[in-house]
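> Here it is, the structure in full.
Bear in mind these aren't lab numbers, they're just calculated from the coordinates by the rules spelled out. Just so it is clear, the model here is predicted, and its values are computed rather than measured. Because the Cβ atoms are built from the backbone with ideal geometry, glycine has one as well, and the counts that use them run over all protein chains shown.
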Amino acid sequence: MGKKNKSKQKVSGIEKTAMKTEKKLNSKLKKELKAMGEDDIEKVVAQIEKEEAARQKVVEVVVDQPSRRVNFTLTAHPFKDELIMLGGEFHDGRKTTVYGDMYFYNLNKKTWTLIKAPGAPPPRCGHQAVAIPSNKGELWVFGGEFSSPSESQFYHYKDLWVFNFGEKKWKKVVVPNGPSSRSGHRMVYTKKQLIIFGGFHDNGRDFKYFDDLYKFDLTTYTWQKISIVGFVPQPRSGCIVLPIADNKILITGGYSRKRIKNEMDIGEIHEDMYILSPLKGESQDFKWKSYDVKPSGLTFLPRCSSSAVLVSPTVAYVFGGVFDDVNLEDDEVLNGTFFNDLLSLDLEKRHWKIVTLTGDKEKSKRRRRKDDSDAKDDGDEKDDDQDEKEKEANVEPAKVVVDDGVFTMTIGPAPATSTSSVAAEPKAQVFTPSPRINPGLVVKNNVLYLYGGIYEDGDRQYTLNDFYSLDLHKLNEWQTIIPNDVSSQVWLDSESSESESDSDDSSDDEDMDLE
């Protein structure tokens, strides 16, 4: 009689208990899903991928614009004057829709084209995408998440996809040793490789935030986990990661949660900044050195869910974000401050400053001429009226505060101060997009483009579909491509009728035209 296999790993009592608990929870969830008439999310994702793989032809339809969404990607085409939007999500208060559609925006024609290409990935949000010039242009996509309409199920991806712009065809790149499933991570392109950092995984019962670093070699199609030595950044998602000189990356900000007692956790917005650099002579060991740095210049409230983009090899712009002031006595009470300031970060000096727009000079001249004319006509007005106007002009713009007894939201201006003591002369108000988190932010032909995102009003989420541009040469004023029409969004609560859900744009009308 042969000996038993002693190499079989033993499972501890704690692990057995955890496995049994997970099995019971999964069994309970399946029963609940059956009662709701909702399919298992893994089966749903597998079926969608199967259907997309069977698609044989490319279908293109010109549309007015994409539907409302957040947590999508907006990427500049490596050659053409086009922007590429992929995925995202929309929540109407009752139901969540996760998108898998892909749009191309032609900067010259100012038109949106919805494209269905063979072998597309399943719908997702919270993913990352980068465009590279290789093989006539490619779009690489990693990770993200998919949720059921009721948000009772969450599915996190760990898949890697590539879209070839020339062939207009998707391909799933199946390679071992990659990152675990996650969303909210960050991915950058540098030196023919994709670098991925952080993110989180949340299955509705438990959560985990990551501080790991991975590299995907675009020449050998291999994954490699990078060992970080030195001052390792804490686990986080939604941070800013930017490539800098000498194959280094900069990491700053982000958000994470930690459990402080049974069934109670607290969020943290990170303010730190790190530089990660490959160790010389350690190329075979894939080790990177991390050290923390102290930024200079503008100081401002910490924030998460901002969007960042390189506008030059040494300068990045950051827009929006939110600061949540957590009440430790009641973790359900949040005081949220949303931002719409445009910040600049010098990547060499690690120096922050606010981007000041000059305004439209022609408009200012016309306004001055009109003001001068009005002054002559009203010359008999009392001097104290003019004094009162001057006082009002120097008053800081009022903050709008919304308080429903549970959630208090403050909408800008951004509470920022500079280390410089030089007093700035008051300037006329210059239009800027409204406060928001997680908008699409991209640069093409030295023009900054901003699309969508969300802001919260109490327990309501307003998903945006407005679109703006800013000439980085002139830095005069944001131009509106698609205006903000948030007032037309219908929010469904417990007292709303079922029929209202048909009036919003969370449906997949475009997909119906492409089948």
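> Past 31 Å, Cα to Cα: identify those pairs from 168/215; 136/289; 50/444, in the order given. Show your work: numbers first, answer last.
Values: 168/215 26 Å; 136/289 34 Å; 50/444 35 Å.
136/289; 50/444, as the Cα separations exceed 31 Å there.
> Quick one: Kirkwood hydrodynamic radius for the stretch 110-266, alpha-carbon pairs, angstrom, one decimal?
16.9
> Going by amide H atoms built from the backbone, whose H comes under 5 Å of the H on residue 143, apart from near neighbours?
It is 159, by chain and number.
> Please identify every one of the trypsin sites (Lys or Arg not before Pro) in the stretch 67-146 that sits in a loop by DSSP and has no more than 12 other beta carbons within 10 Å of its own beta carbon.
Listed in order of number, the matching sites are 109, 110.
> To make sure I understand, if each residue's beta carbon is the centre and we count other beta carbons within 10 Å, what order do 304, 239 fall in, fewest to most?
Ordered from fewest to most neighbouring Cβ atoms within 10 Å, 304, 239 come out as 304, 239.
> Averaging sequence separations of C-alpha pairs under 8 Å and six or more residues apart, then dividing by the length of the stretch 195-243, give the relative contact order as a whole percent.
RCO, the stretch 195-243: 37 percent.
> Next question, about the same structure. So which GluC sites (Glu not before Pro) in the stretch 103-175 are both in a DSSP loop and have at most 10 other Cβ atoms within 10 Å of their Cβ?
Passing sites in the stretch 103-175 do not exist.
> Normalised by the number of residues in the stretch 102-153, what is the relative contact order in percent for Cα pairs under 8 Å and 6+ residues apart?
24
> Could you give the length gained on full extension between residue 38 and residue 136, defined as 0.36 nm per residue of separation minus the Cα-Cα distance, in nm?
Result for the pair: 31.1 nm of gain on full extension.
> Here's a follow-up. Which whole-Hz ³J(HN,Hα) couplings does the stretch 61-73 yield from phi under the Karplus relation 6.51 cos²θ - 1.76 cosθ + 1.60, θ = phi - 60°, glycine and proline marked x?
After applying 6.51 cos²θ - 1.76 cosθ + 1.60, I find 9, 6, 10, 5, 5, x, 6, 4, 6, 9, 6, 9, 10 Hz.
> Over 22 Å between Cα atoms: which of 248/294; 110/171; 57/110; 172/280; 208/261; 110/353 fall into that group?
From the list (248/294; 110/171; 57/110; 172/280; 208/261; 110/353), the Cα-Cα distance tops 22 Å for 110/171; 57/110; 172/280; 110/353.
> For the stretch 315-323, take each phi angle, set θ = phi - 60°, evaluate the Karplus expression 6.51 cos²θ - 1.76 cosθ + 1.60, and give the result in whole Hz per residue in order, putting x for glycine and proline.
Running phi through 6.51 cos²θ - 1.76 cosθ + 1.60 with θ = phi - 60° gives 9, 10, 10, 10, 10, x, x, 9, 10 Hz.
> Search the structure for amide H atoms under 5 Å from the amide H of residue 190, placed 1.01 Å from N in the peptide plane, and list their residues when 5 or more places away or on another chain.
Here the answer is 195, since their amide H atoms fall under 5 Å of that of residue 190.
> Still on this structure: Sort 148, 277, 312, 183 so that the residue with the fewest other Cβ atoms within 10 Å of its own Cβ comes first and the one with the most comes last.
The order, fewest Cβ neighbours first, is 312, 277, 148, 183.
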